[in-house]
Structure formats: C-alpha cells, structure tokens
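All remarks here apply to the structure that follows.
All of the numbers you see were taken from the coordinates with simple rules; none came from a lab. These figures come from a predicted structure and were not determined experimentally. As a convention, Cβ positions derive from the backbone with ideal geometry for all residues, glycine included, and neighbour counts pool all protein chains shown.
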Amino acid sequence: MQGVIPRLHLPLVRQKLKRNPAVALIGPRQCGKTTLARQLGGRYFDLEAEGGRTRLDAEWDALVGGRELIVLDEVQHAPAVLARLRGAIDADRKRHGRFLLLGSVSPALMETASESLAGRLGLVSMSPFLLPELSPGQLDDLWLRGGYPDGGVLEPDRFPDWQGDFLEILVTRDLPTWGLPSRPPQTRRLLRMLAAVHGQALNASQLGASLSLDHKTVLRYCDFLEGAFLVRRLEPFAANTRKRLTKTPRLYWRDSGLLHALLGVSDLDQLYQQPWLGASWEGFVLEQTLATLAARNQRAQAFFFRTSDGHELDLVLDWGAERWAVEIKLTSAPSGEDVGRLNRAADMIAARRRFLVCRVAEEIENASLLVTDVPAWLGRLARQK
C-alpha cells in the first residue's frame, strides 16, 4: 500500500497471528487499526454497519471453510459473533492466523472475548502515531497535535477542530452506545476537568463534588474512559522506605492533541505560555514510552514514585530482573541538581538504571546514569530485551 506509514504494531500482529487462531487488535477509534488490518489482506467486514453483519452471516460457512484471513472491525457491536468464532476455531484448533478482531472498547470487548475465546486469542494494543514511526524532526508537531492520523501530526491544518469534533462524537454517540451512563453535558464537563488535572493525583471526591456525583461514580466513569483509550492511570510504586509515600494514582490523557484541544491550545507558542506546560510534556513522553513498549511487546510494569517530602520519579519501569528510574524534564540544559534529585529518588527504590529524558541533542552516559533526548530514549527501549 503506497504512501502508508509502517506502524510499529504490524510485526507484532503478524507474530501473534502465527501463534494464535485469532488476534484482537484494540485501540481508540481512528488510530489506524483498519489501515493496518488492510495491509494484511484477507476479507474485511465492518460489524458496526448492519450490511457488514448481514454479509458476514450470509457468507459464514464459506469463510470459515476457506484459507483467507477474516478481519472483523468494531467487533464490540456484534458480540454474538465471538461464540461462532469459538466453534469455528475448535473445529480446526491447530490452524492459526484465521481471524483478526478490531475493537475500540477494551473492557467490553475483552470481557466477552475472554469468556468466548479463552486460550484462543492473542492481544495487541494499538495507539495513534508514535515518534519512532515518524521522524525526530516531527517531535514538537506530534506533541502539540497528537498522533491521530486524520487530525494530528500528519494533518496540521485540521488541529484543533478535528480533535473537537472527534471528542463531540465520542460524547454524544460512541460513549453512550458503548455503555457510559453519563449524559453528554456531564461527560463534556468531566473530560474538561480531567484535562485540567492531567499529570496530577486523581482526586475523585473533588471531581465528584463539582459534578454532583459521588467518588465511586467518578471512578467508574474514569474506568470507562480508560477502557476507551482516552486516559491512562499510573499507579504509585510501593517502595520499602521509611518515608510516607503518595498512594493515589495519577491520571494522564493518552493523546496530547486531545489534551491541548480540551485546554484551548492551538499552537506551540500558546502551549509554551501555559502553567501546565511541564505536565503536558511529561504526559507526552510517558505515553510515547509506554505505547512504544506495548507496540514492541516489551514487558515492564510502569509506576510513578513520590514521597511526602517531595522525592519523586515520573516513571518507574520494573522489568522483573531490574528496575529503571526515569525523570522527564522539558529542558535542553539539565543541571547537576536535576541529576542529584534523580539519583536520590532512584536510590530509594534500588533502581539499577537511571534516565533523565529531556531535549538534549546527544546522549551523555556516566555509569548507571543516562541523560538523553526523546528519540534516543525511545530507540533505547527498542533494544531492551
């Protein structure tokens, strides 16, 4: 397919198809799942459309008896199909690479899929564009506008109007259809409030008071938005230290373009004037890191670390065999004080490696410490085994 930008997730999808009868490719709407699936060939069915469901039903016997890959898009709209998939898979259990399921709502899809296709399904989580899929020179454009193919870094003239329209469709159509029991005006307010606390501890009681909701309802709504790939919650790391630790998760918007559109930012100059600039950069680098790890099937548990007296790490990556401490700074001239704070916090969690990710052009390595820019940092993740 000429002109299609190769996605990091494509090799992983192919690998999973070789090892499983079915693979679920999940991720937010409009992030490029369908484009990726079409690169694999096969027969494509859009299950959000009644015509797609009808055609699948009419051709079912011929399809499952054939050798082509069957691609089922927006499969959460046709949960009954999953039971039929199980029967087809069990009739020829050793045959792999038969079905590719695309979905936009992780909890609803995976709960049904795990019941129907347990032991038969591989999983790949997809995101909008990542910097390793683009060029290092597009870093600031990606940060400002986000990675959605139709309205982000590749379509600068459509930002932020595309993001506003995308969110409005989610609020008025998709989220209610997927089961979010919140009225659109209330959902709009919640999204704006979650944008305002990006990178901060999630205080559900405070948010609930502003929305006339109890904190348990706010947490349920956040669960739903997390399952729709809009936000990410980062849990605190439980270190064995005498210091009192922060125990409340932090909330981040996964796509920086959506965050900036919600907060009324339309260009880079305006972004640099915002008091929350550092939180935006931190969330952007964090999401690029975690989504790149997922795309490359690199398995590390992610946390943040903060003590009551201010010792802090933006990201802790626990690989099992070793632990990494990561601090994220929007600077091209990191100071000795920045390095000292990183090392003191890293010592508290017994981190073997320490990384200061900022905007310097060259890597500067000293023993266990690495000061690096974002492209080099993401490249290093690709080399981690």
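For the reader, a short list of remarks on this structure follows.
- Axial C-alpha extent at least 24 Å, average Kyte-Doolittle at least -0.5 - helices from the chain (DSSP): 277-295
- Residue order for LEU313, LEU234, fewest other beta carbons within 10 angstrom first, comes to LEU234, LEU313.
- Cα shape, the stretch 171-287, gyration tensor, a/c 1.5 rule: oblate
- Around the Cα centre of the chain, unit charges on the Cβ atoms of Lys, Arg, Asp and Glu (plus for the first two, minus for the last two) sum to a dipole of about 1500 debye.
- Proximal lysines to LYS16, defined as alpha-carbon separation beneath 25 angstrom and excluding residues fewer than eight positions away on the same chain: LYS33, LYS94, LYS385
- Pair GLU226, ARG242: separation of 7 Å Cα→Cβ label points (nm): 3.3
- Dipole magnitude of the stretch 9-125, debye to nearest 20 (Cβ charges: Lys/Arg +1, Asp/Glu -1, about Cα centre): 660
- Each label was represented as a point 7 Å from its Cα along the Cα-to-Cβ direction; for ARG352 and ARG158 these points are 4.4 nm apart.
- Gyration tensor (alpha-carbon) shape descriptor, the stretch 276-328, a/c threshold 1.5: oblate
- The stretch 93-194: projected area of the alpha-carbon convex hull, averaged over directions, in nm²: 9.1
- Dipole of the chain [Lys/Arg +1, Asp/Glu -1 at C-beta], most positive-end residue of TYR272, LEU139, GLY320: GLY320
- Positive-end extreme of charge dipole, the chain - chosen from ALA78, GLN301, ALA333 (charges on Cβ): GLN301
- Remark on the stretch 9-125: ratio of C-alpha radius of gyration to 2.2 N^0.38 Å is 0.94.
- Restricting attention to the stretch 232-358, close to 70% of DSSP beta bridges with both partner residues there are antiparallel.
- Taking the fewest neighbouring Cβ atoms within 10 Å as the starting point, the ordered list for LYS33, LYS243 is LYS243, LYS33.
- Amide H contacts of SER127 (H built 1.01 Å from N, under 5 Å, at least 5 apart or other chain): none
- Put a plus charge on the Cβ of each Lys and Arg, a minus charge on the Cβ of each Asp and Glu, and nothing anywhere else: the dipole of the stretch 287-369 about its Cα centre is then about 220 debye.
- Principal axis analysis of the Cα atoms in the stretch 261-377 yields extents of 43, 34, 33 Å, listed in decreasing size.
- Using a Förster distance of 25 Å, the FRET efficiency for ASP61-GLU115 (Cβ separation, nearest 0.05): 0.55
- DSSP bridge analysis restricted to the stretch 131-383 gives an antiparallel fraction near 65%, rounded to the nearest 5.
- Taking the chain and dividing mean pair separation by its residue count, relative contact order in percent (alpha carbons under 8 Å, at least six apart): 14
- The coefficient of translational diffusion for the stretch 1-48, derived via Stokes-Einstein from the alpha carbon Kirkwood radius under 20 °C and 1.002 mPa s, stands at 181 µm²/s.
- Each helix, a run of at least 4 DSSP H residues, gives -39500 (n - 2.57); summed and divided by the residues of the chain, these come to -12500 deg cm²/dmol at 222 nm.
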